[in-house]
Amino acid sequence: MKIIECVPNFSEGRDLDLIKEITDTMESVSGITLLDVDPGADTNRTVVTIVGDPESVIESAFLGIKRGSELIDMQKHSGAHARMGATDVCPFVPISGTTMDDCVKYSKQLAKRVGEQLKIPVFLYECSAANNDRINLASIRSGEFEEMTEKLQLPEWKPDYGPGKPHVSAGVTAIGARNFLIAYNINLNTKDKKIATDISLDIREQGRNKRDEYGKFVRDKNGIPIKSPGILKSCKAVGWYIDEYGLAQVSMNLTNFNETPPHIAFEETRKQARKRGVRVSGSELVGLIPLESMITSGKYYLTKQKRSTGIPIKDIIHIAIKSMGLDDLAPFDPNEKIIEYRIGKQSEELATMTLCNFSDELSSDSPAPGGGSVSALAGALGASLSAMVANLTFGKKKWEPLFKQMSKLADDSQKLKDELIQLVDADTESFKMVMEAFKLPNKSEQQIKDRNSAIDRTMKEATKVPFKTLQYCRKIMDLSLEAAKYGNPNSISDAGVSGEMANAGARGAALNVRINLKDINDKLFCEKIEKDTEIVLKEVSDLLIEIRKTVGHKLTDE
């Protein structure tokens, strides 16, 4: 699932009704979730945070910028925060299933549309910048709204999109792509702000002022103090005392959590605290965090504990929370703090149903869900069993040599399980798209042509889903065999059932592939899928024989 975040900053923080008009317009787009609206009266600025699929987020951002340009008059604007436009800045942030390159592409799509349709000059900044002079937002915004008319006349400040002069009331906008910023505070068992500040100077990327042997600052030829770089990359940090908590904190912004994730910042702060005779008591997440970051942190601590990382995601998250003390000051609810969980799932999704509800839905007279969803579920159950066998092959000295192998087996199984769970719903959704295509009008020659094209296109997509299920179930067969050969012998029957379920999922998926091929006119597509299906099924058959043979021998030996 592709998810991006967008954080437009509007130059209005006092008129709450006006702000609501903008956010209501943005929320009119289905597929986005409004996570936060943060107005500031002194700055006269509101930061809005939305997330969702890229197409929906781009549309919502455009409508917000458009409504902002209609409601906000920069000629009458004043506030403590630097600004140059009604929508001052609008960054895209990759969250899940997307990359920075993707967000750069999305930012350019939006910038082009804003420039052409709204006649607002747009500068690309941060990762989207066309040259180094435009990476830093402060450089672009220098002079603010009042000086933009003159600035844009300079050749080096020609906008990337839109006209060469500011919009009369909406000014100028910066649109770009940047990394997700994690606001993270680490708690110390002291009230001494100086200790927290001293730690922050050592760990932050900027570091501290360099001193000579006499303790004086070392300066460059211009008299500016030279810095000694800090330990953590992409980390900004300060020390402060929080009266509400009665303790000092090292407060940091992690501007690239892939370079310095929270658990590394936490562990380094622990190390620095011990040097100063204090202790880290826990930590606090301000705002939201991507799921990927929590999973990475949880797996880091599981690995340190020599425990399997191939466990359910909710258990990995629990380890991350407890290891970093994220619930030290207040309860930590993953559903509220993790972006992907805040977006939420639709209640009617099959994957969230109870077994009874799913079975009832399956047994109704509706054609979906059907065999494709059941095949994906069968594969997911097979993957779950191979993960279970691997996770049960721990704890005794005789199995220590298998630790790495079983950890990988459990991890791979969990990944396949999660992929197949998604396909349970994907199969039903693709079938619905086919049904919509069949409902298209077919009275005129053009309508018939468009309808046939839509049917062919949606049938291809509907065929790709069970084919993917088939491929995943084939991979599970390898894991089932490995679990049977090397896993805890007391769980040999579970390894066997894992293989049988994966086999059922594979064969069920193949049936769904073949029935879909009948309605597809693209013969080359059909021939390739049919051939590939036969190859995979042959491999599944061979693996099933080996799994049954291995399980049979071990059961007999027992």
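Read the figures in this text as sums done on the coordinates, not as results from a lab. Given the structure is predicted, the values throughout are model-derived calculations rather than measurements. Because the Cβ atoms are built from the backbone with ideal geometry, glycine has one as well, and the counts that use them run over all protein chains shown.
Numbers at a glance
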item	result
Dipole of region 316-403, positive end: most advanced residue of Ser359, Ser384, Ile339 [Cβ charges, Cα centre]	Ser384
Under the Karplus curve 6.51 cos²θ - 1.76 cosθ + 1.60, θ = phi - 60°, whole-Hz ³J(HN,Hα) for region 119-127, x wherever Gly or Pro sits	6, 10, x, 10, 9, 8, 9, 6, 5
Student exercise, the chain dipole from Lys, Arg, Asp, Glu Cβ charges, in Debye to nearest 20	2040
With at most 16 neighbouring Cβ atoms within 10 Å, loop chymotrypsin sites (Phe, Trp or Tyr not before Pro) (DSSP) excluded, longest segment of the chain	246-558
In sequence order, calculated HN-Hα J values of region 207-215 (Karplus, 6.51, -1.76, 1.60; Hz; x Gly/Pro)	x, 10, 5, 6, 10, 8, 5, 9, x
Alpha carbon centroid spacing (whole Å) that separates region 201-235 from region 457-472	57
√(5λ) per eigenvalue of the Cα gyration tensor, region 182-334, largest first, Å	31, 17, 13
Thr309, Thr469 arranged by Cβ crowding within 10 Å, fewest neighbours leading	Thr309, Thr469
Table column - 3J(HN,Hα) (Hz), region 246-261, Karplus curve with 6.51, -1.76, 1.60, x for Gly and Pro	x, 8, 8, 10, 8, 9, 9, 10, 9, 7, 8, 5, 6, 7, 10, x
Whether region 350-557 is rounded, prolate or oblate, judged on the alpha carbon gyration tensor where a/c under 1.5 counts as rounded	prolate
Dipole magnitude (debye, nearest 20) for region 3-177, charges at Cβ of Lys, Arg, Asp, Glu	480
Dmax and Rg, reported as Rg then Dmax, of region 178-272 (C-alpha, Å)	14.4, 44
Cα-based convex hull, region 389-453, per residue volume (Å³, whole number)	75
P(r) histogram, all alpha-carbon pairs of region 122-206 included - 10 Å bins from 0, percent	15, 35, 17, 18, 13, 2
Mean Kyte hydropathy of 0.5 or more with a Cα span along the axis of at least 18 Å, helices from DSSP in the chain	371-391
Over region 20-84, equivalent-ellipsoid semi-axes from the Cα gyration tensor in Å	23, 13, 9
Ranked packing of 490-503, 529-542, 371-384, most packed first, by mean Cβ within 10 Å	371-384, 490-503, 529-542
Value of Rg/Rh across region 497-558 [Cα atoms, Kirkwood radius]	1.18
Interchain or long-range residues, amide H under 5 Å from Trp240's placed H	Gln249, Ser251
Diffusion constant of region 3-177 at 20 °C, which comes from Stokes-Einstein with the Kirkwood Cα-pair radius and 1.002 mPa s, µm²/s	137
Amide H partners (placed H, <5 Å) of Ala174, local residues excluded	Val89, Cys90, Phe123
Surface/4 of the Cα convex hull for the chain, nm²	34.9
Those aspartates and glutamates that a straight Cα-Cα span of less than 18 Å connects to Lys304, excepting residues fewer than 8 apart in one chain	Glu267, Glu268, Asp315, Glu400, Asp411
Fraction of beta bridges assigned by DSSP in region 3-177 that are antiparallel (%, nearest 5)	70
Helical mean residue ellipticity (222 nm; -39500 (n - 2.57) per DSSP H run of 4+; nearest 500) of the chain	-17500 deg cm²/dmol
